[in-house]
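What follows is a single structure, written as structure tokens, with notes after it.
The values are calculated or read from the model by the stated rules, or taken from the named source; none is laboratory data. Keep in mind it's a predicted model, so treat the numbers as computed, not measured. Cβ atoms come from the backbone with ideal geometry, glycine included; neighbour counts cover every protein chain shown. Remember, those area values only see protein heavy atoms, side chains included, never the ligands or the DNA or RNA. Shrake-Rupley method; radii C 1.70, N 1.55, O 1.52, S 1.80 Å.
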Amino acid sequence: MTRNADTLAFVGVTATRSWINRLFPQWASALGITGTVLEPIDLPLDTDPAGYRAVIADLRDDTCVRGALVTTHKVRILDATSDLFDELDEHARLLGEVSCISKSDGRFIGQAKDVITGGRALDAFVPPGHFASGAEVLCFGAGGAGLAIAVHLLVERPAADRPRRVALVNRTAARLDACQSVLERLGVADRVELVCNEVPEENDPRMATLPDGSLVINATGMGKDRPGSPLTDAARFPEGGIAWELNYRGKLRFLEQASRQRAQLKAVEDGRRYFLHGWSEVIGEVFGIRIDGAMLRRLSAIAEAERL
Ligand SMILES: NC(=O)c1ccc[n+]([C@@H]2O[C@H](COP(=O)([O-])OP(=O)(O)OC[C@H]3O[C@@H](n4cnc5c(N)ncnc54)[C@H](OP(=O)(O)O)[C@@H]3O)[C@@H](O)[C@H]2O)c1
């Protein structure tokens, strides 16, 4: 791959189909980085460690590449390439994932931004005091995003407004073991139930036991990265609860299931707000730009206009 302009890479599963490809030129103009190019890189979910190393080494060695945003692959990429980085931030080391890659003074830097960006998105639609009522959290998928959101809820949210209990339901046990060690290091493992399951029929009754007001999250990628929903169509969301689908494109069956029960829910949120916070944080980091509230609103307005 020959590059001849300042490049921000985007590593994902279907990165070439993301909304950001249409938005980036307009955002770049608003941010004063016109001439910068976004390069989407699609990698299959079963990419092997050698494949990840080839991609990350290329990004590191090409001086045109200013940095990258990594989605979906962020845990497996750090597993396969940690020795290629000169520096990893505290969250990357703690969570074992890298979602933001940047360069500074010749150093190749990996950061994990989901605790910050997922947290900002969540705090925008889960009102202050929400968890004081005893509401809990059920999160399907304990990958990079699911675990980071749990960490935000249990460690970063104000102490009087944290859920009493978070359940993380994940397909493989190995990933749950990794989550357990992170949660133990943070001293919050006793507030988290780790469940190994991928059968929707077993998730429905689990959701039915949640207290009113609970937050239910689809962080599996189902609906976008693979078809389906972690729930069946018969599942009942909690009264006054909040449903959060982390994605905003694809056949989002979880979002459809929640939307059909909108009347009894406090909120049904998709991944657009998370997208805005995630991208603005990484662009700010990679290009050394401070993105304040006014600029964030401007980027959001550009994004919403581009959806029409
Ligand atoms: N809107 C945004 O800006 C935004 C930001 C972040 C993430 N996202 C989206 O959120 C999704 C998750 O992101 P991520 O980075 O956390 O990806 P990830 O690291 O691949 O995590 C997905 C997790 O879901 C688990 N899983 C898959 N199918 C499952 C099922 N049927 N039941 C239970 N667990 C299941 C996987 O388990 P195993 O690995 O154990 O198989 C994996 O741990 C992706 O689709 C991503 O695009 C969107």
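Annotations for the structure displayed:
- Reciprocal mean inverse distance between Cα atoms of the chain - Kirkwood radius, Å: 19.9
- Three-way shape call for the range 213-275 based on the alpha-carbon gyration tensor, with the a/c threshold at 1.5: oblate
- Where the range 162-212 is the region considered: accessible area per residue in Å², 1.4 Å probe: 54
- Helical content alone sets the calculated 222 nm signal of the chain at -12000 deg cm²/dmol, taking -39,500 (n - 2.57) per DSSP H segment of four or more residues and averaging over every residue.
- Solvent-accessible surface (1.4 angstrom probe) belonging to E87, in square angstrom, nearest 10: 80
- Relative protection proxy for 44-50, 63-69, from highest mean packing down: 63-69, 44-50 (other beta-carbon atoms within 10 angstrom).
- Per-peptide average of other Cβ atoms within 10 Å, ordering 188-200, 220-232 highest first: 220-232, 188-200
- Rolling a 1.4 angstrom probe over the chain with all protein chains present gives an accessible area of which 50% lies on carbon and sulfur atoms.
- Annotation: for a label point projected 7 angstrom from Cα along Cα→Cβ of A132, residues of the range 206-246 with backbone N closer than 18 Å are 212-215.
- Dipole-positive endmost among S300, G284, G213 within the chain (Cβ charges, Cα centre): S300
- Distance-filtered residues of the range 219-235 - backbone nitrogen under 13 Å, label point 7 angstrom along R260 Cα→Cβ: 229, 231-235
- F125 contributes an accessible area of around 20 Å² to the protein surface, as traced by a 1.4 Å probe with all chains present.
- Rounded Å value of the spacing that divides the Cα centres of the range 163-196 and the range 232-294: 22
- Counted charge near N4, where neighbours are those whose Cβ lies closer than 14 Å (Asp, Glu -1; Lys, Arg +1): -1
- In terms of its C-alpha gyration tensor, the range 6-132 comes out oblate, because a/c is 1.5 or above while a/b does not outweigh b/c.
- Pairs of lysine residues in the chain that meet both criteria, 8 or more places apart or on different chains and Cα atoms under 28 Å apart, total 11.
- Taking the DSSP bridge list for the chain and keeping only pairs wholly inside it, about 20 percent are antiparallel.
- Across the protein chains, with a 1.4 Å probe defining accessible surface, the residues K74, K266, K103 rank K266, K103, K74 from largest area downward.
- Whether the range 77-176 is rounded, prolate or oblate, judged on the alpha carbon gyration tensor where a/c under 1.5 counts as rounded: oblate
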